[in-house]
1. Under the 0.36 nm per residue contour assumption, what length would be gained going from the current alpha-carbon distance of VAL207 and SER236 to full extension?
2. Filter the trypsin sites (Lys or Arg not before Pro) in segment 12-117 to those in DSSP coil with at most 10 other Cβ atoms within 10 Å of their Cβ, and list the result.
3. Just how many % of Cα pairs in segment 121-252 lie over 22 Å apart, if you round to the nearest whole percent?
4. Compute, for the chain, the length of the dipole vector about the Cα centre, with Cβ point charges of +1 (Lys, Arg) and -1 (Asp, Glu) only. Units Debye, rounded to 20.
5. Mind checking segment 160-256 for trypsin sites (Lys or Arg not before Pro) that DSSP puts in a loop (not H, G, I, E or B) and that have at most 13 other Cβ atoms within 10 Å?
6. Check each of the chymotrypsin sites (Phe, Trp or Tyr not before Pro) in segment 82-180 and keep only those in coil by DSSP with at most 13 other C-beta atoms within 10 angstrom; list them in order.
7. Where does helix 169-179 land angle-wise versus the long Cα axis of the chain, in degrees 0 to 90, nearest 10?
8. Nearest 5 is fine: what % of DSSP beta bridges in the chain come out antiparallel, could you say?
Amino acid sequence: MDAWQRVAVVTGGSSGIGLATVTHLLHAGFRVGFFGQSASHVDQARTMIRRQFDDGWFLARCVDLTSPQQVAGFFSDVQDRWRMPDTLVCNAGISPKGPEGAAPFARLSLDEWNKVLSVNLTGAMLCCQAVVPAMVIQRFGRIILIGSIAGRALPKVAGTAYVVSKAALSGLCRSLLAACAGTGVTVNIVAPGRIVTEMAGTPESAVNRAALERIPVGRLGEPMDVASMIGFLASSDAGFINGAIIDVNGGEFAPL
């Protein structure tokens with residue numbers, strides 16, 4: 001498939017890595033549907049994108065990823081606008097922290113556990129369920145799950161629920177590999193390290209200054225560092241990359 005025919009959906013696409021991915025795919029010629037949970041972030045993203053692309057190229061919505069009805073409604077809107085997407089980027093995620101950082105394991109509440117897994121893991125599963133049937137029929141698809149260094153290495157700042165939710169994406173990926181075998185659909189995970197986003201804090205924060213000392217390339221990551229890898233995995237050039245975890249962390253975690 002050529003880029004001019006391609007349709008992508010990016011969850012959590014209104015800020016940070018998600019928004020960088022949306023703009024990267026738009027510049028590559030994709031039609032892109034994206035959603036976020038914050039109406040103000042979605043409005044800001046829509047305004048920014050309209051400076052470069054007309055409304056026929058993108059679809060922006062405010063969606064609660066924990067609501068199966070809202071998720072289904074969004075994909076129905078994408079199908080009505082263009083067709084079912086051949087590319088899905090499951091980027092949406094939350095990582096609750098208080099003034100003292102993430103809650104210690106012994107004080108993790110069941111409410112926080114359920115909320116984080118509902119967004120980070122169950123939400124990804126719901127989106128995959130929405131797109132896989134059409135991808136299998138057309139015998140082409142790209143599913144890219146956004147993991148985290150926190151799900152790959154000893155966590156330094158992330159809470160338990162976040163760590164578990166990101167590590168569990170590997171199991172979802174394996175299941176999807178089996179479900180999509182022989183269909184031309186690939187499923188991969190991109191695991192970012194410390195990326196400068198609203199959720200991760202400013203470069204001057206104590207957490208990010210400490211992280212900088214652990215990163216061999218000598219800088220923190222930018223959202224476009226991750227978006228460019230996602231764009232490659234979404235392309236037709238990446239058709240033989242399947243079932244992989246791609247670490248984008250500047251060498252902070254190097255499982256060689």
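Please treat every number below as a calculation from the coordinates, not as lab data. Just so it is clear, the structure is predicted and the values come from calculations on it, not from any experiment. With ideal geometry, Cβ positions are generated from the backbone for all residues, glycine too; neighbour counts draw on all protein chains shown.
1. Length gained, VAL207 through SER236: 6.7 nm.
2. Answer by residue number: ARG51.
3. Tail of P(r) above 22 Å: 40 percent of Cα pairs.
4. 240 debye
5. Here the sparse-neighbourhood loop sites are ARG219.
6. none
7. Orientation of helix 169-179: about 30 degrees from the principal axis.
8. So the antiparallel bridges amount to about 5 percent of the total.
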